[in-house]
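The values are calculated or read from the model by the stated rules, or taken from the named source; none is laboratory data. Bear in mind that the values here come from a model prediction, so they are computed numbers and not experimental data. Cβ atoms come from the backbone with ideal geometry, glycine included; neighbour counts cover every protein chain shown. Surface accessibility is based on the protein's heavy atoms, side chains included, excluding ligands, DNA and RNA. Shrake-Rupley method; radii C 1.70, N 1.55, O 1.52, S 1.80 Å.
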Amino acid sequence: MTDRTYRLGDVASALGAELRGDPEIRVSGLATLQAAGPGQISFLANPSYGKYLADTRASAVIISPASAEDVATNVLLLDNPYLGYARLSHWFDPAPKAPAGIHPTAVIDPTATIADDASVGPHVVVEAEANIGEKVVVGAGTVVGARTRIGAGSLIRPRVTLAHDVVIGQRCHILSGAVIGSDGFGFANEKGAWQRIAQLGRVVLGDDVEVGANTTIDRGALDDTVIGDGVKLDNLIQVAHNVRIGDHSAMAAMVGIAGSTRIGRHCVFGGASGVAGHLEIADHVHLTGMTLVTGDIREPGVYSSGTSADTNRQWRKNAVRFRQLDVLARRVKELEKKLKG
């Protein structure tokens, strides 16, 4: 918890919101409409939660003008209440601030460069010629590989592995357990035995990228694996070698992207989606959860695959019919030919 309190008028001014209510009210935290009490701010972004407005005890609610008529408490009017909540959440973030400096247990190669105001935590390893920029925070137990560069203002959580020659942009956020720059899955077959291919490329992250916990991004085989500006990757995602993800795309947990696929800008992939290798995905493509993509997608839009859950008995019946679709299609074509004849 934080001990910070703010005037409601100052909150409205900072968010660019229109305030309907008392600007002198003091607020000290955020909560849901159901759980909020006096001194807390709540928000309404999803209309299905509007039923809780009448009984909320929040001192103020961030809400769109169209939904504000029946609110009895103070309101902060914004066209995008969820964005207002997102910005305000940082005011009350209880995460401790790391002090500048290098912890005495850290192992730093003498050729590495670390900004004076950066924070390097306990048992961090920084290898030769690595560069850690201004106001960077490197959490405990992290490994920063040789010649890796971390841009200003980035936050590297504890126990992250950044392999050699990785480039991290400014203001990136890498969560615990992430591995960036691991070797791609490259092997040549010789008479049934697999021979490893050295992975010679890098991983390059743009600015304002977020990489979730235990997500892995493989280095390129020859060219680089590139993650564009503003990309958001959830936990447990696999990005294979030579993949390129366009600016401001977002992917939910368990997504898998096979090697050398190119993904456009502003794409959104639902959880457990899979994309085969060597494909081209256009800008503004939205994959719903568990969609499998095996061919290029050249037009923006929403794409889905798979079937929804059913009872096992019914699913087994349908599975048999799925296997009969090709035969049925051939029969339909033969009937069409006969009718035309």
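If you wrap a convex hull around the Cα atoms of the range 164-228, how much volume per residue is inside, in Å³?
84
For Lys97, go through the lysines and keep the ones whose alpha-carbon is under 25 Å away, minus same-chain ones fewer than eight residues off.
Lys135, Lys232
Between Val302, Val75, Val136, where does the largest GNM mean-square fluctuation fall for the chain, given springs only between Cα atoms within less than 10 Å?
Val75
What distance in nm separates the simple spin-label points at Lys51 and Ser308, each placed 7 Å from Cα in the Cβ direction?
Distance between label points: 2.0 nm.
Please return the longest stretch of the chain lacking exposed loop sites, where GluC sites (Glu not before Pro) count only if DSSP places them in a loop and at most 10 other Cβ atoms lie within 10 Å.
Result for the longest clean stretch: 70-341.
Straight-line reach from Lys51: which aspartates and glutamates fall under 19 Å, measuring Cα to Cα and dropping same-chain residues less than 8 apart?
Cross-link targets: Glu69, Asp70.
Leaving out ligands, DNA and RNA but keeping every protein chain, what accessible area does Ser89 have, in Å² rounded to the nearest 10, with a 1.4 Å probe?
My reading of the accessible area for Ser89 is about 40 Å².
Write down the radius of gyration of the range 1-121 and its Dmax, each obtained from C-alpha positions, in Å.
Cα radius of gyration and Dmax of the range 1-121 are 19.3, 64 Å respectively.
Any aspartates and glutamates with Cα under 17 Å of the Lys317 Cα? List them, leaving off those in the same chain fewer than 8 positions away.
Excluding near neighbours in sequence, the set is Asp326.
With a point put 7 Å past each Cα toward its Cβ, work out how far Leu325 is from Thr111 in nm, to one decimal.
Between Leu325 and Thr111, the label points sit 5.7 nm apart.
Once the Cα gyration tensor of the range 128-173 is diagonalised, what are the square roots of 5 times its eigenvalues, in whole Å and ordered largest first, as equivalent ellipsoid semi-axes?
In descending order the semi-axes read 14, 13, 8 Å.
Hey, how many Å between the Cα centroid of the range 292-341 and the Cα centroid of the range 42-86?
The distance from the Cα centre of the range 292-341 to that of the range 42-86 comes to 45 Å.
Sorting Ser273, Ser305 by accessible area (1.4 Å probe), largest first, what list results?
Largest to smallest exposure gives the sequence Ser305, Ser273.
State the volume of the convex hull built on the alpha-carbon positions of the range 162-296, expressed per residue in Å³ and rounded to an integer.
95
For the chain, what is the per residue volume of the convex hull drawn over the alpha-carbon atoms, in cubic angstrom?
So the per-residue Cα hull volume is 228 Å³.
Using +1 at the C-beta of Lys and Arg and -1 at the C-beta of Asp and Glu, which of Ser304, Val125, Cys172 has the Cα lying farthest in the positive direction of the dipole of the chain?
Of the options given, the answer is Ser304.
Which listed residue (His286, Ser64, Asn80) has the Cα farthest towards the positive end of the charge dipole for the chain, taking +1 on Lys and Arg C-beta and -1 on Asp and Glu C-beta about the Cα centre?
Result: His286, furthest along the dipole toward the positive end.
Remind me, relative contact order of the range 153-198 in percent, using alpha carbon pairs under 8 angstrom and six or more residues apart?
34 percent.
Among residues other than Ala68 whose Cβ falls under 15 Å from its Cβ, what is the net charge (Lys/Arg +1, Asp/Glu -1)?
Working: positive: Arg20; negative: Glu18, Glu69, Asp70, Asp79.
Result for the local shell: -3.
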